[in-house]
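Supplied in structure tokens, the structure appears directly below.
The values are calculated or read from the model by the stated rules, or taken from the named source; none is laboratory data. Remember, it's a predicted structure, so these values are computed and weren't measured experimentally. Neighbour counts are summed over all protein chains in view; Cβ atoms, including those assigned to glycine, are modelled from backbone coordinates with ideal geometry. Please note that ligands, DNA and RNA were not included when accessible areas were found on the heavy atoms of the full protein model with its side chains. Shrake-Rupley method; radii C 1.70, N 1.55, O 1.52, S 1.80 Å.
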Amino acid sequence: MTTDPHDNMLQPHDYWMRLALAQARAAFEKDEVPVGAVVVHQDKVIAEAFNQREMLNDPTAHAEMIAITQAAEALGDWRLADCTLYVTLEPCPMCAGAIVQARLPTVIFGAADPKAGGCQSLYAITNDERLNHRSIVIGGVLEHECGTILSEFFQKQRDLGKK
């Protein structure tokens, strides 16, 4: 059952984050680190992606990078004005740099990343006054659910003797 994003029962960003979580679950099933992302423009999803580093043998194939590329293609413009990126894990420095370059005005993430966070935890790249663009960043949306899928994935990897 799909829930309407305007349903008053939901917090403002929960609906879109649940779509990002669905992408994270798809990554989990493919043995990828379960991070999912969606880009929303005018109340419509224009991009959705999950991590694909293992599948593509590409260290840059993070959910955010793939979603940003898809969104630019959908809009026919590399400037993602009036878009919001929802991602289940705080973007890393590489992804935060791409967010700045894409001029994304708003980033909403689920779980903080104390080891590699590029938006709030370790760095504040998306709000660095020395750069030409800054984004509004809101963390902690569905934080428990977003963190739990990551914990479950890494526990499974440890149990299998991987990573």
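Between Asp77, Asp113, Asp14, which gets the highest mean-square fluctuation from a Gaussian network model of the chain, Cα cutoff 10 Å?
Residue with maximal mean-square fluctuation among Asp77, Asp113, Asp14: Asp77.
For an R0 of 25 angstrom, estimate the FRET efficiency from the Cβ-Cβ distance between Met55 and Leu160 and round to the nearest 0.05.
The computed FRET efficiency comes out at 0.90.
Taking square-rooted eigenvalues a ≥ b ≥ c of the alpha carbon gyration tensor, is segment 79-120 rounded, prolate or oblate, where a/c under 1.5 means rounded and, failing that, a/b exceeding b/c means prolate?
Because a/c hits 1.5 or more and a/b fails to exceed b/c, segment 79-120 counts as oblate.
Sum -39500 (n - 2.57) across every DSSP H segment of at least 4 residues in the chain, then divide by the residue count to get the 222 nm mean residue ellipticity, nearest 500.
Using -39500 (n - 2.57) per qualifying helix, the result is -11000 deg cm²/dmol.
Quick one: if the Förster radius is 41 Å, what FRET efficiency do His41 and Ser151 give, using the C-beta to C-beta distance and rounding to 0.05?
0.85
Let me ask something else about it. Can you give me the accessible area per residue for the chain, using a 1.4 Å probe, in Å²?
I get 53 Å² per residue for the chain.
Probe radius 1.4 Å, ligands and nucleic acids ignored: give me the carbon and sulfur share of the accessible area of the chain as a rounded percent.
The computed percentage sits at 51.
When the chain is fully extended, how far beyond the present Cα-Cα distance does Lys115 get from Glu143, taking 0.36 nm per residue of separation?
Extra length available between Lys115 and Glu143 comes to 8.5 nm.
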